[in-house]
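The values are calculated or read from the model by the stated rules, or taken from the named source; none is laboratory data. Here the structure is a predicted model, which means the values were calculated and not measured. Note that we place each Cβ from the backbone using ideal geometry, even for glycine, and neighbour counts take in every protein chain shown. To get the accessible areas, we keep the full protein, side chains included, count just its heavy atoms, and leave off ligands, DNA and RNA. Shrake-Rupley method; radii C 1.70, N 1.55, O 1.52, S 1.80 Å.
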Amino acid sequence: MSHDERVTHPDQHDAADATDSVGSDIPQPAQAENEDQRDQPGRTGQAGQAEQTEKPDTEPSREERRRRRLRRSAAAGTFVLVVVLIVAVFTVPVNAVIEAPGPTWNVLDNGSSSDQDVLKVSGTETYPTEGALRMTTVSVSGCPGYPVTTADLIGAWFSADKRIVDRNEVCPQDQSAEQVEETGKAQMTASQDSAVIAALIETGMAGAMHLTVTEVTEQQTSTEIQAEDVLETITPEGGQTTTITSFSQLRELMTTIPEGTRVTLGVRRGEQQVAAALTTVAPQEGTTGSLLGLSLKISVDSPVEATFGLSDVGGPSAGMMFALGVVDEITPGSLTGGKDISGTGTINMDGQVGPIGGIQQKMAGARNSGSRFFLAPASNCDEVKDHEPEGMQVFAVSTLHEAVAATEAIASGNTSGLATCSAQ
């Protein structure tokens, strides 16, 4: 019994005594007896009932206190775990790549809306341009230097414009950030070179083509061929000599020469004509014929030179749009008719347009930039179909010549004869 409970009872006794002194008929001995009864434990008098009514909860047992401590510890541990998981979701990198719509650049921009010319042509007469020919890009997160977290993946999963891809498809894990960047820049430079040559051929401004050896690959064991040799003729063992006039001609010829064939190359080495022999090597998987096992630089006789001002963009996918830009610059009239046209696609020197990655993200980026027309590689149609942005017309092209024709049709407002991915 607590001390407060003990204080309550004398007050009750005083009240009873006051009543007795005024007019109580109860004898005093009986009162003393009642008091004795109230003080005895286990008795059930009136005071005992008061004790039962006012008695508070008893102190928890040792086992109950232990259980409470365990529950508090478990709650605290759960809270800490949740906090750690939340922090990890937002900070710990994961091994994945997210592709999202990137910025676009108008290759016809002469510096009026940016601090650099995207394309500058010299060496020949150029003509005013209008409208836009936009190269499109994909913003990539998850490569070295640009980590993504689980929170990023969750956001990408619920975004219609983003895509989660295997990292090795974009930036292999065995490559450093510097290697990835160098590869992208090399691809961009090669696409620009191919775009210029393709544009010159398309406009009839290309002269003779030259194929110069830049490197002997590891697959080729011949020591007779050297860097800087210019290929002029090729003679398979037991076959006829062919004069090399273009890269496409050489490529077509090599599809007819089996792997392991001994060939003699007629090359120009400085001012001398030299014969160099080698054995052809295996072609790329899925192709026929063989390869020379040489890295070649292709150039054409032309006074036209083109420079590109984009230094922070990598990859080969802007080739077609670069070529269209060159064509527009060196031919009279406006190719676009003032329309805003976006597109993408690799290009080789023959003007063949090839597939690219992230086509859906590039179409979304074009939509965000205000383009209503988009030129897509026909080989990407399976990814384009049913994913065209609302309000945008997407046309399929396979060559630079088709891309020029499609751009002219868009400019004229008559696109009824153009190929679309939906029709394929």
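Compute the length gained on full extension between R69 and E130: take 0.36 nm times their separation in residues and subtract their Cα-Cα distance, giving the result in nm to one decimal.
The span from R69 to E130 would gain 14.3 nm if fully extended.
Over the range 209-280, the pair-distance histogram of Cα-Cα distances with 5 Å bins from zero comes to 3, 16, 27, 30, 19, 4, 0 percent, rounded to whole numbers.
The fraction of Cα-Cα pairs per 10 angstrom bin, counted from 0 for the range 169-220, comes to 19, 30, 33, 16, 2 percent, rounded to whole percents.
Pairwise Cα separations in the range 299-359 fall into 5 Å bins from 0 onward with the following percentages, short to long: 4, 13, 23, 26, 22, 10, 3, 0.
Considering only the Cα atoms of the range 275-420, their convex hull presents on average a projected area of 12.2 nm². Let me check I've understood the local charge: for S299, count other residues with C-beta under 12 angstrom from its C-beta, Lys and Arg +1, Asp and Glu -1. What total comes out? Spelling it out: positives minus negatives among the neighbours equals -2.
When peptides 179-186, 289-296 are sorted by average Cβ neighbour count within 10 Å, with the highest value leading, the order is 289-296, 179-186.
For the pair I154 and T415, a Förster radius of 35 Å applied to the C-beta separation gives a FRET efficiency near 0.30, rounded to the nearest 0.05.
Each of H401 and T288 was given a label point 7 Å from its Cα along the Cα-to-Cβ line. The distance between the two points is 2.3 nm. Over the Cα atoms of the range 207-251, each weighted equally, I'd like the Debye log10 I(q)/I(0) at q = 0.25, 0.28 Å⁻¹, rounded to two decimals. Each listed q corresponds, in turn, to -1.09, -1.17. Round to a whole number: what % of the accessible area of the range 286-424 belongs to carbon and sulfur, probe 1.4 Å? After summing per-atom areas, the C and S share lands at 47 percent. Projecting label points 7 angstrom from Cα along Cα→Cβ for T243 and F79 puts them 8.8 nm apart.
For the range 113-258, take N as its residue count and report Rg(C-alpha) divided by 2.2 N^0.38 Å. Intermediate results must be reported in sequence, preceding the final value.
Working: Rg = 22.1 Å, N = 146, 2.2 N^0.38 = 14.6 Å.
Against the empirical 2.2 N^0.38 Å value, I get 1.51 for the range 113-258.
Can you divide the C-alpha Rg of the range 182-335 by 2.2 N^0.38 Å and report the result to two decimal places?
This ratio for the range 182-335 stands at 1.16.
By the rule of a C-alpha distance below 21 Å, with chain neighbours fewer than 8 residues away ignored, the lysines paired with K162 are K362, K385. Counting Lys and Arg as +1 and Asp and Glu as -1, what is the net charge of the other residues whose Cβ lies under 14 Å from the Cβ of G270? Local net charge: -2. Each Lys or Arg adds one and each Asp or Glu subtracts one; over the other residues with Cβ under 15 Å from the Cβ of L253, this totals -4.
Relative protection proxy for 298-307, 412-421, 335-344, from highest mean packing down: 335-344, 298-307, 412-421 (other beta-carbon atoms within 10 angstrom). Between D312 and A275, what length in nm is gained on full extension when 0.36 nm per residue of separation is reduced by their alpha carbon distance? Additional length available on full extension: 9.0 nm.
Taking label positions 7 Å along the Cα-Cβ direction at both M392 and L253, the computed distance is 4.3 nm, reported to one decimal. 3J(HN,Hα) along the range 331-343, derived from phi through the Karplus expression 6.51 cos²θ - 1.76 cosθ + 1.60 where θ = phi - 60°, amounts to 10, x, x, 8, 5, 8, x, x, 7, 9, 10, 10, x Hz, with x in place of Gly and Pro.
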